[in-house]
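Down below is the structure, laid out as structure tokens.
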Amino acid sequence: MEPKSVEEYMERIRVLDALEQQSMGLSRMLTTYTDRLQSRLEQRVSIEEASEAVVLRSIKNLESVVTASVRQKHALIKKCHVLNNEMHGVQDVATKIQEIQQLLDVMEYSTRKG
């Protein structure tokens, strides 16, 4: 072999070695990057799953609160109907009391005039 071709051969080996080192460095960087990316994605998934669980619990709790509120309102409506029906008797008594009061007023007025 000629010295020039040995020098070229050695230069090519150095270039290939440098490329191999760069390639290995890039491979390590890429592996580190993808590991970090995977870790962050797993964290986000975990956070989103926890958020979803909180939202679902909130919806379930809200549903039970609304259902209880609707039941209470229906019960109040029924009580109002019962009270309204009972008030008819009270209104009749109040009307009779008013009539008696008017008769008493008329009698008192006539007694004063007479």
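Quick notes
- Per residue, the solvent-accessible area of segment 40-114 (1.4 Å probe, heavy atoms of protein chains only, all protein chains present) comes to 97 Å².
- Only protein heavy atoms count here; on that basis, with a 1.4 Å probe, Thr32 has an accessible area of about 60 Å².
- Heavy-atom accessible area for Leu76, with the other protein chains in place and a 1.4 Å probe, reaches approximately 100 Å².
- Cα-derived Rg to Rh of segment 50-114, Kirkwood definition: 1.63
- The string of couplings for segment 20-33 from the Karplus curve (6.51, -1.76, 1.60, θ = phi - 60°) is 5, 5, 4, 4, 5, x, 5, 5, 5, 5, 5, 5, 4, 4 Hz, one whole number per residue in order, with x for Gly and Pro.
- Modelled FRET efficiency - R0 35 Å, Val93 with Ser64, Cβ distances, 0.05 increments: 0.20
- Rounded percent of accessible protein surface that carbon and sulfur make up, the chain, 1.4 Å probe: 61 percent
- Segment Gln101-Thr34, extension gain: residue separation times 0.36 nm, minus the distance between their alpha carbons: 14.6 nm
- Ordered from longest to shortest, the equivalent ellipsoid semi-axes for the chain are 105, 14, 6 Å, each the square root of 5 times a Cα gyration tensor eigenvalue.
- In the chain, the DSSP-assigned H stretches of four residues or longer account for a calculated mean residue ellipticity at 222 nm of -37500 deg cm²/dmol, using -39500 (n - 2.57) per stretch and the full residue count as denominator.
The values are calculated or read from the model by the stated rules, or taken from the named source; none is laboratory data. As the structure is a computational prediction, the values presented were derived from the model and not from experiment. Note that each Cβ is placed from the backbone with ideal geometry, even for glycine, and that neighbours are counted across all protein chains shown. For accessibility, only protein heavy atoms count, side chains too; no ligands or nucleic acids. Shrake-Rupley method; radii C 1.70, N 1.55, O 1.52, S 1.80 Å.
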